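The values are calculated or read from the model by the stated rules, or taken from the named source; none is laboratory data. Quick caveat: nothing in here was measured; it's all calculated off a predicted structure. Ideal geometry is used to build each Cβ from the backbone, glycine not excepted, and the neighbour counts take in all protein chains shown. Accessible surface is based on the protein model in full, side chains and every heavy atom, while ligands, DNA and RNA are left aside. Shrake-Rupley method; radii C 1.70, N 1.55, O 1.52, S 1.80 Å.
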Amino acid sequence: MELSRRTLLALTGAMAVSGPSARTTTRAALFRGVGQPLSVETIQLDPPRPTEVHVRMVAVGLCHTDLHVLRGERQVGMQPMVMGHEGAGVVEAVGAAVRDIETGDHVALTWLPACGVCRWCRAGAHHRCAESSRIARGPQLDGTYRRRDAAGRDVGSFCLVGAFAERTVVDQASVVVVDKSIPFEVAALASCGVPAGVGAVTNAARVRSGDSVVVIGVGGDGMNAVQGARLAGAKVIIAVDLHAWKLDAARTFGATHTIQAGAGVDLPARVRELTEGVGADHAFVCVDPAATLLDASRATTVGGTVVMTGLTPESVATTPVPPIELLRGQKTVIGSVYGSASQRTGIPEVLRLYRQGSLKLGELVSRRYRLDEINQGYADLAAGRNLRGVLQLG
Ligand SMILES: [Zn+2]
Ligand SMILES: [Zn+2]
């Protein structure tokens, strides 16, 4: 009898070996339409299927990417959808086929999956996983749904994680186990902007000791590019932002010079003044590439590197840099995702640097919010009041 019940559960794909193995409910912040605030609702949550885990979320970062969706600047495949893509929590149940993740583990959720079987994953380049094209569609990695709203409609999960929720069910492909000594909010930030910024410097641009660097936009990615440049031994680190208080903060993260952007500011000229008249070796475009990529390119020296980490709205279809400038300037332009390295190695690496005191991560958190305050969190983000706001769920 026991065997037949287990077999039946396995056949329906609903077997969990421990923890919450039945359908449950959770509160979550849902995207229900462009221009609308996130809707905090109680939804149904199914148990994990064989390759999935059930995670009780504790901390989730408020990142600009979700704001692009709320404003309609980037499209997602469906609504309603639980937003949130940079979170950390505790595993409460694991499916029967899950490997190397156990109940009680502390985990960071990754906004790109690592399917493990595509050509990129087999080569260890999980940040190029072939499944990455599916992250904004809504369903789980297997194409089905684990969430329903009060009306019985399927609910998607942004980036395959749907982190703005007290509980979530995700494939093991989206999970990195972290050491239990790491604060959850640090683990949450380490799942997105920290490896993105640090890795843009160390892996994409390969900044070396003595190089000069300009970082445009010192938010989630950019502030970590600043501290990545300091770690790499860059001699000149120029932070650029619209907000003076962020520039003051950038100095504490390693910036040697700051430039407040705004009308009438000739950024390339200002950067040349600080780099012996020639421009920076590397520029990092961490905000609004449509508005900043041309200045970034012109702020670099001949043979310079421009690394772009920021998203553009879908309405932006061309790059603003004249091709002849790239040719004559012998420039390299790099699009960098997840710091141009596997998230499965990049996240542990930034946490190792944090534990040895080389990266300031707790200092990135400006404000904390409860789930019901999430729209205030996004208003603060849009107004430039936070380095990082963090949702506290635990
Ligand atoms: Zn993010
Ligand atoms: Zn893959």
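Angle between the Cα long axis of helix 244-253 and the longest principal axis of the chain, 0 to 90 degrees, nearest 10?
80
For the chain, what's the relative contact order in percent, using C-alpha pairs closer than 8 Å and at least 6 residues apart?
Relative contact order of the chain: 17 percent.
How much accessible surface area, in Å² rounded to 10, belongs to the heavy atoms of Thr345 with a 1.4 Å probe?
90
Normalised radius of gyration for region 93-187, please: alpha carbon Rg relative to 2.2 N^0.38 Å, two decimal places.
Relative to the rule-of-thumb radius for its length, region 93-187 sits at 1.12.
Over region 34-187, what percent of the accessible surface lies on carbon and sulfur atoms, probe 1.4 Å?
For region 34-187, the apolar C and S fraction of the accessible surface comes to 46 percent.
Given a 1.4 Å probe, how much area per residue of the chain is accessible, in Å²?
Per-residue value: 41 Å².
What residues of region 210-224 lie in the reach of a label at Lys360, counting those whose backbone N is under 19 Å from a point 7 Å from the Cα along Cα→Cβ?
213-224
If each of Thr252 and Asp372 carries a label point 7 Å out from its Cα toward its Cβ, how far apart are those two points in nm?
Label-label distance for Thr252 and Asp372, simple model: 3.1 nm.
Starting from 0 in steps of 20 Å, tell me what percent of the Cα-Cα pairs of the chain lands in each bin.
With 20 Å bins starting at 0, P(r) equals 29, 55, 15, 1, 0.
Each residue of region 302-318 in turn: what ³J(HN,Hα) in whole Hz from Karplus with 6.51, -1.76, 1.60 and θ = phi - 60°, glycine and Pro shown as x?
4, x, x, 10, 10, 10, 10, 10, x, 7, 10, x, 5, 6, 8, 10, 9
What do you get for the angle between helix 2-11 and the principal long axis of the chain? Use alpha-carbon atoms, 0 to 90 degrees, nearest ten.
Compared with the principal axis, the helix lies near 40 degrees.
For region 174-275, what number results from the quotient of the Cα radius of gyration and 2.2 N^0.38 Å?
Dividing the Cα radius of gyration by 2.2 N^0.38 Å gives 1.15.
Under the Karplus relation 6.51 cos²θ - 1.76 cosθ + 1.60, θ = phi - 60°, what is the ordered set of whole-Hz ³J(HN,Hα) values for region 337-342, x standing for Gly and Pro?
Computed from phi, the couplings for region 337-342 are 10, 6, x, 6, 8, 4 Hz.
Could you pull the accessible area for Arg385 with a 1.4 Å probe, rounded to 10 Å²?
110
Rg to Rh ratio, region 194-337, alpha-carbon atoms and Kirkwood radius?
Result for region 194-337 is an Rg/Rh of 0.93.
Residue farthest toward the positive end of the dipole of region 194-337, with Cβ of Lys/Arg at +1 and Asp/Glu at -1: which of Val194, Ile259, Val278?
It is Val278, whose Cα lies furthest towards the positive end.
Can you tell me the 0 to 90 degree angle between the C-alpha axis of helix 222-232 and the longest principal axis of the chain, rounded to 10?
Tilt relative to the chain: about 70 degrees.
Obtain the nm distance between the two label points defined at Gln392 and His243 by a simple spin-label model: each point lies 7 Å from its Cα along the Cα-to-C-beta direction.
2.0
Give the carbon-plus-sulfur fraction of the accessible surface of region 273-336 in %, rounded to a whole number; probe 1.4 Å, heavy atoms of protein chains only.
With neighbouring chains kept in place, the figure for region 273-336 is 55 percent.
If amide H atoms are built 1.01 Å from N in the plane of the peptide, which residues on other chains or at least 5 residues away come under 5 Å of the amide H of Gly384?
Answer set, sorted by chain and number: none.
With θ set to phi - 60° and the Karplus curve 6.51 cos²θ - 1.76 cosθ + 1.60, what are the ³J(HN,Hα) couplings of region 369-386 in order, to the nearest whole Hz, using x for Gly and Pro?
Rounded to whole hertz, the list is 9, 7, 4, 5, 9, 5, 5, 5, x, 6, 5, 5, 4, 5, 7, x, 8, 10.
How big is the accessible area of Glu131 in square angstrom, nearest 10, if you roll a 1.4 angstrom probe over the protein chains?
For Glu131, the solvent-accessible surface is approximately 50 Å².
Sorted by packing (mean other beta-carbon atoms within 10 Å per residue), highest first, where do 150-158, 98-106 land?
Peptide ranking by packing, descending: 150-158, 98-106.
What does the extension gain come out to for Ala290 and Ala382, with contour length at 0.36 nm per residue minus their alpha carbon separation?
Full-extension gain reported as 31.4 nm.
Rounded, prolate or oblate: which fits region 231-301 when a ≥ b ≥ c are the square roots of the eigenvalues of the alpha-carbon gyration tensor, with rounded for a/c under 1.5 and prolate only if a/b beats b/c?
Rounded is the answer for region 231-301, as its axis ratio a/c remains below 1.5.
Determine the order of Asp241, Asp248 by accessible area, beginning with the largest, at a probe radius of 1.4 Å.
Asp248, Asp241
Below 12 angstrom from the Cβ of Ala234, what's the summed charge of the other residues (Lys, Arg +1; Asp, Glu -1)?
Residues near Ala234 contribute +2 overall.
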